[in-house]
1. How long is the gain from ALA279 to ALA39 if the chain were fully straight, where each residue apart is worth 0.36 nm and the alpha carbon distance is subtracted?
2. In debye to the nearest 20, how big a dipole does the chain give about its Cα centre with +1 on each Lys and Arg Cβ and -1 on each Asp and Glu Cβ?
3. Here are labelled values, [x] 115, 63, 30; [y] 59, 43, 32; [z] 56, 54, 37, and one is the computed Cα extents along the principal axes in Å for what I pasted. Which one?
4. Highest GNM mean-square fluctuation, the chain, Cα pairs closer than 10 Å: which of GLY176, GLY226, GLY195?
5. Assuming a ≥ b ≥ c are the square roots of the Cα gyration tensor eigenvalues, decide whether segment 1-130 counts as rounded (a/c under 1.5), prolate (otherwise, with a/b larger than b/c) or oblate.
6. In deg cm²/dmol, rounded to 500, what helix-only [θ] at 222 nm does the chain give when every DSSP H run of at least 4 residues adds -39500 (n - 2.57) and the total is split over its residues?
7. Within segment 109-126, list the residues whose amide N lies under 12 Å from a label point set 7 Å along Cα→Cβ of THR257.
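Please treat every number below as a calculation from the coordinates, not as lab data. Please read these numbers as outputs of a predicted model, since none were measured by experiment. Using ideal geometry, Cβ is built from the backbone for each residue, glycine included, and neighbour counts are taken over all protein chains shown.
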Amino acid sequence: MLVYPYSWVVSILLLILSGLVGPLLTGGVSSRLPAIAGADRRSQRRAQGWDVATYGIAGTVGPSVVAAVVAWANATVAGLVLAGAVVVAAGLMRLLPYAPPAGAASEVPRPVRTLGLMISNGPLRRTLYLTTAVASSVAVLPVIAVASAGALGVGHAAAGVLTAAYGIGGLIASAGLMVRPLTGEADRSMMLFAGAVAAALALVAVTTVFWAAVLAYAMAGLLNSGFFAATLAARSEYAPPAARGQVFVWIGALKITAGSAGTALAGSVITTGIHLPLAAATVLTLAAAAIALAEKR
């Protein structure tokens with residue numbers, strides 16, 4: 001196997017490039033849901049349940065497929081399989097029904113102007129900071145799953161069971177949202193689900209029995225999917241039509257950044273205490289929900 005000098009630099013640059021296009025892909029597709037699902041709010045929210053499910057499936061099935069291919073062949077083949085799946089998905093995207101743009105290109109605000117719009121708009125502002133707070137908080141769970149295995153009396157391999165429980169909980173919630181979409185005001189739903197996620201994180205922190213931890217992780221995944229669906233509804237319903245795509249991309253990018261930051265911070269402080277990242281995540285999420293509630297009132 002040939003190893004080229006500074007090949008790690010190329011790998012880093014490619015990862016940065018993929019990170020740059022990630023929000024454009026996920027946010028861009030999600031922003032098209034209202035035009036595809038129709039004007040009826042119930043239909044839109046059912047479509048958002050499907051959207052949440054796609055994230056859950058990708059987050060659970062994707063890593064499992066990669067792990068299986070690596071065990072069967074090697075990491076290079078796994079990377080090629082992922083690349084091929086993306087190409088197939090791009091072709092399938094062409095089968096979606098055509099929806100005309102919400103406005104002329106000249107009406108679409110620039111990124112900085114879009115950020116100013118979100119900050120000045122109460123519901124969008126709350127969507128912004130609640131999304132980043134919850135994303136950074138739930139991102140500590142995979143790190144905690146590995147670190148807490150010993151305290152739960154199981155091997156480190158059992159951490160996979162905990163993360164799988166989180167994913168299964170999210171998928172169950174997604175299925176429920178397809179059958180019974182969220183009702184009521186999206187702004188209020190976000191606050192309620194954010195508070196519930198904080199409670200689930202606290203439950204994970206105080207659990208000392210493995211089977212109870214599995215249930216706590218599943219509950220966290222279930223509630224986070226509900227929160228995600230509420231944020232999708234908020235982005236869609238509170239953003240001006242011409243700026244909807246920009247709003248989705250902005251919040252998607254900040255969500256990915258917040259999740260990465262949460263994982264990194266959890267990894268850096270986990271040696272101080274297993275429960276420290278969870279305690280910080282719980283306080284952060286609960287504080288964001290309380291601030292949003294006080295601001296709305």
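1. 82.2 nm
2. 580 debye
3. So the calculated entry is the one marked [z].
4. GLY176
5. Values: a/c = 2.22, a/b = 1.61, b/c = 1.38.
Judged from the Cα gyration tensor, segment 1-130 comes out prolate (a/c at least 1.5, a/b above b/c).
6. So the helix-based figure for the chain works out to -27000 deg cm²/dmol.
7. Only 112, 115 fall inside the zone, counting backbone N under 12 Å.
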